[in-house]
Amino acid sequence: MNTDKQRIYNGDWKTLHPYSGSAPTDLYYITLANKVLAAIRAVETSLEESDYRKIDETEQKELACILTAYFEDIISQTGIFQAFTRIHGKRFGKPLPFYTLDEDYTPGEINIEEVQFLVWHYHMQLNNLDIPYSPTLDTFAAIASDVMEIFETEYESAPENEKLLQYFRIDEKESHNLYALHARFLWLCTQSYLFFNNGFLLEDQAESLAEEAKEAGMDEQIPDMVNLLCNDFGFNHVTEFMRLTPPRWLAEVLGEDSPLHASLSSMGHKYTGYFRYENADETVTRFRHIATDRIIEATNRSLIGIPRNMKDPSLILRTGFIQWNGEWWLSGQISSYEDSEDLIGQITGDDDEYNLFEPEEELPEEEQRIILTDILATTEGEDGQTLDASDTAWQALLSDEIGKDFFISQVKAGEITGLQFYNAPGRLLLDNIDFVTEYVKR
């Protein structure tokens, strides 16, 4: 008999939705999610507890909600997964990685390969990429097959979630409001079914930031610091799919016909650092970046509601600016500090402040080569296990110090051997090397 903890309820379902309250279709999709859960559970029950493919009851519920949210997305034509297949198609010549698509594959409708891909994606993110699961695992295929039977039965009668669809209908007023757009693309890339793990990543970063602030005796500043972190994350985070940022993903979900597509696609990087108020006129307010003396002319439309004392040249301000539609916008929390020699010393001695406006560069190739050589020469893991060529190749792929282009060049040059998905000999990973490398290195 199923206990309450083994079923999916409204609270579980709502974690993947952006609106408050309930939609008229929620009950239908929660009921469907429980059918999906039963199918997943039947496959999982056949696995030994020690099987690396097995997920626990809470994870089964998460996966069931994710797969049902995919079905809801297709039925409602919100366009989240269609954006993924469209971009992947443009970049790699086919809608999906890994799978051979035949005439049964229909773009814009439910497809078994897409369900199987989402099962793989869930397992990869759940384990922080530590295990290179094969996208063609028999358990993934079994889950996809059984879930697809449920979806096909429901496909013709499933209701559109108009409330979810409305979330992506951005009116004229909101289209000129950077803060309203930020809320949209932050949700899309941290809480929607396709990017669920980024929400956990943001939570982890916020918890680490709060702990550091407590240790430094800055408890009162934690809310402001977390606010700024979330704001920066929404603009600058690079997602696991094709290295696109949240604004770019919202642009793709809205589609090329949207008036916002161009402005969202070209939205710049947000720069957060220490500034001073300089001066203002009728259209812009100028701020000077302390470490580099660079002047930012922020549109006054982005300063509505900020405290007047923020325009005191004697204060040191920590805030951020982003370029949108050819204008600089102040965005996120503003923290102010009294001028002091100690603070100025910290700011001017911080390399991150001096390099704030410089693009992040990879290590020189020779340094990357040394790091790669050390990783590939490692024969024993942290737990004492023996590492083979496939293990060390995957560790090299996971290394933040080895860049995407250098890694791929070394694979193609034959310097990295054994790169493959776990227990899946063959070229499946190598044939999708660009997608997988972008998926890992972002």
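Things worth noting here:
- Computed 3J(HN,Hα) for the stretch 268-282, one whole-Hz value per residue from the Karplus formula 6.51 cos²θ - 1.76 cosθ + 1.60 where θ = phi - 60°, is x, 6, 8, 10, 10, x, 9, 9, 10, 5, 10, 6, 8, 9, 5, glycine and proline marked x.
- Per residue, the accessible area of the stretch 81-236 comes to 46 Å², computed with a 1.4 Å probe over protein heavy atoms only.
- For the peptides 381-393, 159-171, 120-132, the ranking by mean Cβ contacts within 10 Å, running from highest to lowest, is 120-132, 159-171, 381-393.
- Helix 112-126 vs. the chain, principal-axis angle (Cα, 0 to 90°, nearest 10): 60 degrees
- A simple rule links phi to the HN-Hα coupling: the Karplus curve 6.51 cos²θ - 1.76 cosθ + 1.60 with θ = phi - 60°, which for the stretch 417-427 gives 9, x, 6, 7, 6, 4, 6, 9, x, x, 9 Hz, with x for Gly and Pro.
- Of 197, 167, 134, farthest towards positive along the dipole that unit charges on Lys, Arg, Asp, Glu beta carbons give the stretch 127-207: 167
- Burial ranking of peptide ranges 250-259, 410-419 (average Cβ count within 10 Å, highest at the top): 250-259, 410-419
- A helix-only calculation puts the chain at -14500 deg cm²/dmol for mean residue ellipticity at 222 nm, using -39500 (n - 2.57) for each DSSP H run of at least four residues, averaged over all residues.
- Share, in percent, of DSSP beta bridges within the chain that are antiparallel, nearest 5: 95 percent
- Top of 361, 154, 240 by mean-square fluctuation, Gaussian network on the chain, Cα under 10 Å: 361
- Checking (i) -0.85, -1.41; (ii) -0.76, -1.41; (iii) -0.77, -1.21 against the coordinates, the calculated log10 I(q)/I(0) by the Debye sum over Cα atoms at q = 0.10, 0.14 Å⁻¹ falls under label (i).
- Beyond 22 Å in Cα-Cα separation lie the following of the pairs 14/163; 270/441; 54/441; 173/311; 14/61; 14/35: 54/441; 173/311.
- Relative packing of 270-283, 344-357, which averages over residues the other C-beta atoms within 10 Å, highest first: 270-283, 344-357
- Just the protein heavy atoms count here, and of the accessible area of the chain at 1.4 Å, carbon and sulfur take up 46 percent.
The values are calculated or read from the model by the stated rules, or taken from the named source; none is laboratory data. Just so you know, these numbers come straight off a predicted model, no measurement behind them. Note that we place each Cβ from the backbone using ideal geometry, even for glycine, and neighbour counts take in every protein chain shown. Remember, those area values only see protein heavy atoms, side chains included, never the ligands or the DNA or RNA. Shrake-Rupley method; radii C 1.70, N 1.55, O 1.52, S 1.80 Å.
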